Each structure stands twice: as C-alpha cells, then as structure tokens.
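S.K.: Before I ask anything, here is the structure I am working with.
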Amino acid sequence: MVGYVMVIYDYDIPEYDIWHMMIDESNQKRGYGSAALDRVLDYIKAKPFGASNRVTLTCNRDNIQALKLYQSRGFAETGATDEDEIELSLMIQ
Ligand SMILES: CC(C)(COP(=O)(O)OP(=O)(O)OC[C@H]1O[C@@H](n2cnc3c(N)ncnc32)[C@H](O)[C@@H]1OP(=O)(O)O)[C@@H](O)C(=O)NCCC(=O)NCCS
C-alpha cells in the first residue's frame, strides 16, 4: 500500500468530504496523489451515497504540495477556516 484516502457523505449539508488523503513519503512525487484524487473524484461523480454536487476538504494553509494538487483539480478556497486549516471545495456534475 502506498497511500490512503477516505470519502465521507455528510447528509446534513449535504456534501461529499475527502478526509486524510496521504501518500507514503517514500512514494510521493510519483503521481500517486494525482491518480488517487482523480479516482476519488470519479467515485464521487457516481454519487454512491447521495445526489450532492459539492466536494469539500480541509488542508493546512502551509501544505503547498497538497494545495497545489487540489487546486490543479479545481478546488477553491471557500473562506472558511479552522485554526491552521482552510476549507476548499469543488462543484462536480
Ligand atoms: C499531498 C500528497 C497527497 C501529494 O501526493 P503525491 O503522490 O506526492 O502527489 P503527485 O506526485 O501526484 O503530485 C501531484 C501534484 O502535487 C504537487 N506537489 C507534489 N509534491 C510537491 C512538492 N514537493 N512541492 C510542490 N508541489 C508538489 C504538484 O502540484 C504535483 O503536480 P505536478 O506533478 O504537475 O507538479 C502527498 O504529498 C502527501 O501525502 N502529503 C502528506 C499528507 C498530506 O499532507 N495530505 C494532504 C492532507 S490535506
């Protein structure tokens, strides 16, 4: 296993949430993070838990690698923050 990522459906909002995306340090910068995020987004687009088009995640504001990856897939800051974490979201079809 080179990494891990979790998908949650928040029925209250409703929205899909991506949690704990991580690639083992020795395997980073080989494209696994991009590939994993693309597979997660494809999975969410199939709407396995509910009809929401909104995908949300939080990320440390100093985590440049992760922010670049999320922004490359269209995630944008919502303006919501929690201490050092910023919220980003993406609207999908
Ligand atoms: C964020 C993370 C998942 C990226 O995984 P990865 O397998 O290294 O990512 P990729 O190799 O697919 O690279 C994807 C993009 O990330 C960015 N990136 C990756 N490493 C980077 C680095 N050292 N510096 C700057 N940008 C970087 C680039 O935009 C890259 O796209 P590019 O190849 O077109 O330049 C990985 O660094 C990680 O697990 N970090 C620790 C845990 C973590 O912070 N998770 C995110 C929680 S919000």
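No value in this document is a laboratory result; all are computed from the given coordinates. Computed from a predicted model, the values in this text were never measured in an experiment. Here the Cβ is made from the backbone with ideal geometry for all residues, glycine too, and neighbour counts use every protein chain on show.
S.K.: Modelled label-to-label distance, ILE92 and TYR4, 7 Å Cα→beta-carbon offset: nm?
M.R.: 2.2 nm
S.K.: Let me ask another. For the chain, set up a GNM with springs between Cα atoms under 10 Å and report which of SER52, SER34, SER72 has the largest fluctuation.
M.R.: With Cα springs under 10 Å in the chain, the top fluctuation among SER52, SER34, SER72 is at SER72.
S.K.: Something else now. Strictly greater than 13 Å: what percent of every Cα pair in the range 22-93 meets that?
M.R.: Tail of P(r) above 13 Å: 68 percent of Cα pairs.
S.K.: Another question, if that's okay. Provide the packing ranking of 56-65, 14-23, i.e. peptides ordered by the mean count of other C-beta atoms within 10 Å per residue, highest first.
M.R.: 14-23, 56-65
S.K.: Which is farthest toward the positive dipole end of the chain among ILE44, ASN63, GLY31, measuring Cα position about the Cα centre, with Cβ charges +1 (Lys, Arg) and -1 (Asp, Glu)?
M.R.: GLY31
S.K.: Based on DSSP H runs of at least 4 residues, each adding -39500 (n - 2.57), what is the mean residue ellipticity at 222 nm of the chain after dividing by all its residues, to the nearest 500 deg cm²/dmol?
M.R.: Calculated from helices alone, the mean residue ellipticity at 222 nm is -7500 deg cm²/dmol.
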